[in-house]
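See below for the structure under consideration.
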Amino acid sequence: MLRHSKVSPLLSLPGAVPAEAPDEGVAAHYGDLFREQRALADGSGFVDLSHRGVVTVTGPERLSWLHLLLTQHVSDLAPGVATEALILSAHGHVEHALYLVDDGETTWLHAEPGTQEALIAYLESMKFFYRVEVADRTAEFAVVYLPAGSIAEVPDRTVVRETAYGRELFLPRGGLEPFAAAHGPAIGVLALEALRVEAHRPRLGMETDHRTIPHELGWIGTAVHLQKGCYRGQETVARVQNLGKPPRRLVFLHLDGSEVHLPPHGAPVRLAADGEEGRQLGFITTSARHHELGPIALALVKRNVPVDAQLSAAGTAAAQEVVVEP
């Protein structure tokens, strides 16, 4: 079921195949997955992410207010500097993952498809007497991704979030089709997902479940600032950082290329030596076919799984690489 009323107009482009959950509303690919991956890796094309939620925060106290709520240090966020942050539960579990940039007057952020309503409800509940305004801009703005190295010309007055992985544009929805015509080829989200898995970057709703804490996925440093003031869930972050280890850890898997089917999200991970009757040690979070590496995946496994252990994902042999240290 679509999480918003509009599907992307770019689904009408030749070869477009609609994506499945959680990326309904945009294209999974446009007919050639590996060609699209190679184009992104070479800095060509763009990815339509117009299904993602877009939220803005305005007002003179927006950054100091967000600083109180987020895991990231944003009180002094300079205009044009990209950052990412989490919102945690009182017990330190990840509830939202946000990708932010401030233009000097407005903080722009995008979030997972369909999560913006719950996000805005939480933000509204925390406004109190702060001079801030929160708005859902998903119907007005589409997120478009340009890969690192892209020489595509960005339209004037477009808000841009620039990272080491590429640029994310907050493009007015009316400009989506003209942008596509000028800056193709259009590339589907499956290609971007494969490169995300290769880069070991976690995604809310894929690498997370109801009990995920930031340490498990390597979000410390990238989305969690350890020297900032209090925020909801900070006690769990500090306790794990100072006194212990997370119960689970993210791993990268090289999957057996002879298998026709990729293990789906949630597929059990076991020790290969124990067979399919062995104890479940974790689960697949995202799997993908990579244009160079072949079938790959991210998985969340128990911390004490030996780093050199051969694993099995729903019957598919899997060799692991460490992402989060045990």
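For residues that are surrounded by fewer than 19 Cβ atoms within 10 Å (Cβ to Cβ) and out of contact with any Pro (no Cβ under 6 Å at 6 or more places or on another chain), scanning just the stretch 247-258, find the one that is modelled with the lowest pLDDT.
From the stretch 247-258, those surrounded by fewer than 19 Cβ atoms within 10 Å (Cβ to Cβ) are 247, 254, 256-258; that's our starting set.
If we keep only those that are out of contact with any Pro (no Cβ under 6 Å at 6 or more places or on another chain) too, we end up with 247, 254, 256, 258.
Working: Pro247: 96, His254: 97, Asp256: 94, Ser258: 83.
Checked the stretch 247-258; the qualifying residue modelled with the lowest pLDDT is Ser258.
Just checking, which of His291, His261 is modelled with pLDDT of 95 or more, surrounded by fewer than 20 Cβ atoms within 10 Å (Cβ to Cβ), out of contact with any Ser or Thr (no Cβ under 6 Å at 6 or more places or on another chain) and under 23 Å from Leu33 (Cα atoms)? Give the steps one after another, and end with the answer.
Details: His261 fails: modelled with pLDDT of 95 or more.
Result: His291 is the single residue among His291, His261 that is modelled with pLDDT of 95 or more, surrounded by fewer than 20 Cβ atoms within 10 Å (Cβ to Cβ), out of contact with any Ser or Thr (no Cβ under 6 Å at 6 or more places or on another chain) and under 23 Å from Leu33 (Cα atoms).
Given the criterion open to solvent by 50 Å² or more (accessible area, probe 1.4 Å) and either over 22 Å from Arg167 (Cβ atoms) or without any contact (Cβ under 8 Å) to a residue 60 or more places away in the chain (or both), identify the matching residue among His96, His73.
Among His96, His73, only His73 is open to solvent by 50 Å² or more (accessible area, probe 1.4 Å) and either over 22 Å from Arg167 (Cβ atoms) or without any contact (Cβ under 8 Å) to a residue 60 or more places away in the chain (or both).
Condition check: farther than 27 Å from Leu192 by Cα, in a strand (DSSP E or B) and of a type outside the set (Phe, Trp, Tyr). Does Val54 satisfy that?
Criteria not met by Val54.
Which residue pairs have Cβ atoms under 6 Å apart, sit 6 or more places apart or on different chains, and have a first residue in the stretch 253-269 that is in contact (Cβ under 8 Å) with a residue 24 or more places away in the chain and in a loop (DSSP other than H, G, I, E, B) and a second that is among the small types (Gly, Ala, Ser) and open to solvent by less than 80 Å² (accessible area, probe 1.4 Å)?
Every condition considered, the pairs that remain are Asp256/Ala317; Gly257/Gly294; Leu262/Ser287; Pro263/Ser287; Pro263/Ala313; Pro263/Ala314; Ala267/Ala313; Ala267/Ala314.
Could you grab the pairs with beta carbons closer than 6 Å, sequence gap of 6+ or different chains, first residue in the stretch 195-215 and closer than 16 Å to Glu84 by Cα and in a helix (DSSP H, G or I), second one open to solvent by 40 Å² or more (accessible area, probe 1.4 Å) and at pLDDT 95 or above?
Pro214/Ile220
Restricted to the stretch 187-222, and to residues that are farther than 20 Å from Pro326 by Cα and among the small types (Gly, Ala, Ser), which residue is most open to solvent (accessible area, probe 1.4 Å)?
So the residue we want is Gly205.
Would you mind telling me which numbered condition in (1) open to solvent by 20 Å² or more (accessible area, probe 1.4 Å); (2) in a helix (DSSP H, G or I) Leu40 fails?
In the conditions (1) open to solvent by 20 Å² or more (accessible area, probe 1.4 Å); (2) in a helix (DSSP H, G or I), Leu40 misses (1) alone.
Filter the stretch 302-326 for residues that are among the hydrophobic types (A, V, I, L, M, F, W, C), within 29 Å of Arg38 (Cα to Cα) and open to solvent by 40 Å² or more (accessible area, probe 1.4 Å); which is nearest to the chain's Cα centre (by Cα)?
Step by step, filter the stretch 302-326, then rank; the result is Val323.
Condition first: in a strand (DSSP E or B) and either over 22 Å from the mean Cα position of the chain (by Cα) or among the aliphatic types (A, V, I, L, M) (or both). Now tell me which residues in the stretch 270-301 satisfy that.
Arg270, Leu271, Ile284, Ala288, Ile296, Ala297, Leu298, Ala299, Leu300, Val301, listed by residue number.
Got a number for residues in the stretch 227-237 being open to solvent by 20 Å² or more (accessible area, probe 1.4 Å) and either touching a Gly at 6+ places or on another chain (Cβ under 8 Å) or modelled with pLDDT of 95 or more (or both)?
Residues in the stretch 227-237 being open to solvent by 20 Å² or more (accessible area, probe 1.4 Å) and either touching a Gly at 6+ places or on another chain (Cβ under 8 Å) or modelled with pLDDT of 95 or more (or both): 3 in total.
So if I check each of Leu176, Leu123, Leu171, which one is assigned to a strand (DSSP E or B) and either open to solvent by less than 40 Å² (accessible area, probe 1.4 Å) or without any contact (Cβ under 8 Å) to a residue 60 or more places away in the chain (or both)?
Leu171
Go through the stretch 49-62 and report how many residues are more than 28 Å from Ala27 (Cβ to Cβ), open to solvent by 10 Å² or more (accessible area, probe 1.4 Å) and either among the aromatic types (Phe, Trp, Tyr) or under 22 Å from the mean Cα position of the chain (by Cα) (or both).
0
If we keep just the residues of the stretch 270-285 that are crowded, with 20+ Cβ neighbours inside 10 Å and touching a residue at least 40 places away in the same chain (Cβ under 8 Å), which is farthest from His200 (Cα to Cα)?
Checking each candidate, the answer is Arg270.
The values are calculated or read from the model by the stated rules, or taken from the named source; none is laboratory data. From a predicted model like this one, the values you see are computed outputs, not experimental measurements. Backbone-built Cβ (ideal geometry, glycine too); neighbour counts: all protein chains shown. Remember, those area values only see protein heavy atoms, side chains included, never the ligands or the DNA or RNA. Shrake-Rupley method; radii C 1.70, N 1.55, O 1.52, S 1.80 Å.
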